[in-house]
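Okay, structure first, notes after.
Every number here is computed from the coordinates shown, using simple stated rules; none is lab data. Since the structure is predicted, the reported quantities are computational estimates derived from the model, not experimental observations. Reconstructed Cβ throughout: ideal geometry from the backbone, glycine too, with neighbour counts over all protein chains shown.
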Amino acid sequence: MASSTFLIAIVAVPFIASLLAAILPQSARNAEAWLSGAVAIFGLAVTIWLYPQVTDGGVLRQEISWIPELGLNLIFRIDGFAWLFCLLITGVGLLVVLYARYYMSPKDPVPRFFAFFLAFMGSMLGVVLSGNIVQLVIFWELTSITSFLLIGYWFHLAQARDGARMALTVTGLGGLGLLLGMLIIGHIVGSYDLDVVLASGDLIKSHPLYVPALLLVLLGALTKSAQFPFQFWLPHAMAAPTPVSAYLHSATMVKAGVFLLVRFWPVMAGTDAWFWIVTFAGLTTLMLGAYIAIFQTDLKGLLAYSTISHLGLITTLLGMSSPLAAVAAIFHIANHATFKASLFMAAGIIDHETGTRDIRKLSGLFRFMPFTATLAMVASAAMAGVPLLNGFLSKEMFFTETALRDANPFVNLALPIGATVAGMFSVVYSLRFVHGVFFGPPPTELDRVPHEPPALMRRPIEILVLVCLLVGIIPGITIAPFLAAAVVSVVGPDTPYYSLSVWHGFNIPLAMSAIALVGGVLLYLALYNYLNRGIEGPPLIRNLKGQRIFERVLVTISWKWAKALEKLLGTRRLQPQLALLMTLAVIAAFIPLLGGVGPLAGSPTPFDPAFALVWAVGIVCAVVATYQAKFHRLVALVLLGGAGLMTCITFVWFSAPDLAVTQLLVEIVTTVLILLGLRWLPKRVEFHTEDGLSRKARFRRVRDLALAIIAGCGMALMSYAIMTRPAGQGIGDFFLENSYKLGGGTNVVNVMLVDFRGFDTLGEITVLGIVALTVFALLRRFRPASDSVEKPEQQRIQNAFDDQRPDRNSGDTINEYLMIPAVIMQWLFPVIIVLALHIFLRGHDQPGGGFAAGIIMSIAFILQYMAGGTRWVEERLRILPVIWIGSGLLLALLTGLGSWLFGYPFMTTAFQYAEIPFIGRVPMATALLFDLGVFNLVVGATVLILIALAHQSVRAPRVSRRLPPVVREEAAPSPEEAR
């Protein structure tokens, strides 16, 4: 197997394992941990194996054709910088999995946790390995969704729900901006290939659209990495379980933003706009996060704000645009991952063993858990920048860059002063973490006696702390080769010299470090009494809370503005909504006419009295149905069926048998669907006065009539124009000529659906499946009001369904209503199945196909429900519509993916004919498998909707044992509540 193939495996395996973890039983906590650990080990092993191929600027690529004509291919690439991130994601992920095995309570829904965790890991790997910038955005949004699920894991807690919603809203908004920015960059460069983009720096920076593209890309990066002014969402993500916090804050979620800044640093940095925006946001975040962290009373809150501050440090370095600053930024990304992951795990152990994270209740824990305390103190020292630890080296490089002389006063004063003050603050909150928790008198407000955790739970912290020590003491052996590979891939082969030596002599950066360390200790002593008062929130800005601003903005948009818009445009009645929709459609249709585009291109066709009679019958049915709708909706439904039947005859008249068959079948199913839904329709509201209808009612009727006439005439005119268009002016000739040569079928309509437009069909059946599941979910939770329709009609409908109930003592339960013996309807079941099979197999060459066959199969099931009732059918037939939907969608997707195995673009088909006994020569194209997926999904979606409606329409609704139940899983309490 080629090395590049493993790039796909690294991303795909976590998603596959996520699905497996989701179906494991609740009691299999070890199995889920083993599965997640195996995935992380696989990713880590492949990453290490690929290292020799990414040194010295090497790039490994794997490209899969998707839509080559549009430049949209799946590209996975790894260079030294992406390799470093893969190492962090898989390595830290492995340690977090081991830690989570002992942290999570057996009462927690552990399968859900590891399923979300693995999906998040795959999403992050997809971000760092994407070689297509649009593909990068897709994985970027997947990280937002999966992190939302992880943050809201304990969804029974309000703070978890609020934190997850805030994170998704802010990062999702940034993701939309990032998508627009990537589209602009692709437009500038002429390609979405990341390698092409990275080679087009001068072109991008000189383009007039550079500033809009920069702002949009920075919106995505700053929101994801919680940089000012978007820093407020990250502390509220602390409602997630501690393993999630350790992973998100060290190697994944919040690092995605700075990863993006580093990735696009070669092509977007070096301008004034980049410098002022990125440096200002980074320096502000650096100081603000460090200042707020000092006054936090929750351990995870303190670490969260320290994460914000360190991300600000990295962002500030990247804003300087110098190569050595980029080196320092990459170095600190790796260092921060090690000490921050270990600190979060230590905080989780403290919480796990004491039952609290409140610093005001914790003290003197060193005597109870000396090993954990020692590890936490070393990690805190690394975070504070103490010498002989990894954090000291990258912070020294940061001080070196800020101390450089520049003509700009901001660079000369604000940067070094801000860096030194932020360094002092980092010493203060590190001392508060260590001194406030591990030293002092024994705790008196704890519910239990703290003790050391299990050895394996502490092992990840030991490994990470060991890395902090080794990198800090012997960086040339431990980190230098990997850092060099990452730096060369970003800065280029002309990277200036930099040193990782621990001692550089007496210089300005060393003086800044000494001032930060000594000043931090003195500042902590000065604030000691104030901090011990237990006052929450930092002085001066205690009342300035980003959450409050966010919630006010959210309320203004989603409540005030939305209510005003709903009051202006919304209504609880369907008729005004349809009127508005049709008005917009009519306006949109007439816009081309204003430009002089005429719909009539052909010559008039001869008048045919017989065809005119068919249309006359359809028009009469439609008009009378409109009139009958206010008196008897069932009659109106029958008349609508008549209009649909005339449409079907029209298709036959114009030699469109596929459309005629589909129209007829859909007409049957929708008639039953609307019949079941009649009870849900609201009562007609007429506005009468003493002189008859009110002016408002008359206006509404005239308006609806005018819209109907205009829309109907417009559709008729457009249809006529298309049918009378001269030959050779449309795309029809292409499909007629290539249907058999390229698609292997003579039924042009079906070949278009499953071959030429297969991707569109895949999207359409996906939407159909989503609609079916949504309808089912809604109908499981709501029932129509008893007075939703007129009483007489409601009673007639109810009586009709009562006649079908199997608990009635009658021979043929349907006879009283449909005048057809139930036994005949049951005998029709195998006949219709054979017909569906016949229509399906002939669809590639003759009228038919998966969609029509699926509707026919649905009708077979519907007849059984009508003949025997819901209970009778569900006791005899195992109808699992959700399984039909899932299998159909999966089969259609796998058929499209199968083309990749042979090196062809997605959804490329192959065809061959086979002789089947008693059937004959049958086309065996791969599109047949895709059509089978369409068939399965149509059956499942149609039956699911109809069954759900039928269950809600009978007098005493019963939930089918064959339908998927609505799972209301009781969420396990958090470790604090469990204890």
key: Exposure proxy ranking, count of Cβ atoms within 10 Å, fewest first, for TYR865, TYR51, TYR192   = TYR51, TYR865, TYR192
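Considering Cα pairs under 8 angstrom that are at least six residues apart, work out the relative contact order of the chain and quote it in whole percent. Mind showing how you got there, number by number?
Details: 1464 pairs, mean separation 98.8, N = 979.
Dividing the mean separation by the residue count of the chain yields 10 percent.
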remark   = With Cα coordinates, the longest principal axis of the chain makes an angle with the long axis of helix 272-294, in degrees rounded to 10, of 70
ask   = What is the Cα centroid distance between segment 606-662 and segment 205-267, reported in whole angstrom?
value = 57
Residue-wise HN-Hα coupling along segment 662-670, computed from phi with Karplus coefficients 6.51, -1.76, 1.60 (Hz; x: Gly, Pro) = 5, 4, 5, 5, 5, 4, 5, 5, 5
message = For a quick check: with amide H placed at 1.01 Å from N, whose amide H comes under 5 Å from TYR913's, ignoring anything fewer than 5 positions away on the same chain?
response = MET924
ask   = What does the convex hull of the Cα atoms of segment 269-539 come to per residue, in Å³, rounded to a whole number?
value = 124
message = Apply the Karplus curve 6.51 cos²θ - 1.76 cosθ + 1.60, θ = phi - 60°, to the phi angles in segment 608-614 and return the couplings in whole Hz, x for Gly and Pro.
response = 10, x, 5, 5, 4, 5, 4
task = Just grab the label-to-label distance for PHE734 and ASP358, each label 7 Å out from Cα along the Cβ direction, in nm (one decimal).
result = 7.0
message = Helix-only mean residue ellipticity at 222 nm, the chain, DSSP H runs n ≥ 4 weighted -39,500 (n - 2.57), per residue, nearest 500. What is it?
response = -22500 deg cm²/dmol
note = Long-range amide H partners of ASN132, meaning residues 5 or more apart or on another chain whose placed amide H is closer than 5 Å, are ILE75, LEU194
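Compute the normalised compactness of the chain: alpha-carbon radius of gyration over 2.2 N^0.38 Å, N being the residue count.
1.12
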ask   = Given 0.36 nm per residue, what is the gain on full extension from GLN53 to LEU705 after removing their alpha carbon distance, in nm?
value = 227.6 nm
ask   = Relative to the longest principal Cα axis of the chain, at what angle does helix 574-594 sit, 0 to 90 degrees, rounded to 10?
value = 90
task = With N set to the residue count of segment 14-128, report its C-alpha Rg divided by 2.2 N^0.38 Å to two decimal places.
result = 1.22
request  = Go through LYS340/LYS361; LYS255/LYS340; LYS300/LYS340; LYS224/LYS255 and tell me which ones have a Cα-Cα distance over 19 Å in this structure.
outcome  = LYS340/LYS361
C-alpha center-to-center spacing [segment 449-513, segment 315-381] in angstrom = 14
inquiry  = Taking 32 Å as the cut-off for C-alpha to C-alpha distance, list the pairs among LYS205/LYS560; LYS107/LYS395; LYS205/LYS395 that go past it.
reply    = LYS205/LYS560; LYS107/LYS395
key: Derived scalar couplings ³J(HN,Hα) [segment 217-225; Karplus, 6.51 cos²θ - 1.76 cosθ + 1.60; whole Hz; x for Gly, Pro]   = 5, 5, 4, x, 5, 5, 5, 5, 8
task = Report the FRET efficiency, 1/(1 + (r/R0)^6), for ASN532 and HIS187, where r is their Cβ-Cβ distance and R0 is 60 Å, rounded to 0.05.
result = 0.55
inquiry  = Tell me the net charge near HIS504. Cut-off is 15 Å between Cβ atoms, HIS504 excluded, with +1 for each Lys or Arg and -1 for each Asp or Glu.
reply    = -1
task = Give me the number: length gained by fully extending PHE654 to ILE549, i.e. 0.36 nm times residue separation minus the C-alpha to C-alpha distance, one decimal in nm.
result = 31.6 nm
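Within 12 Å, Cβ to Cβ, of ASN750, how many net charges do the neighbouring residues add up to if Lys/Arg are +1 and Asp/Glu are -1?
Details: positive: ARG757, ARG842; negative: ASP658, ASP755, ASP845, ASP931.
Net local charge, ASN750 excluded: -2.
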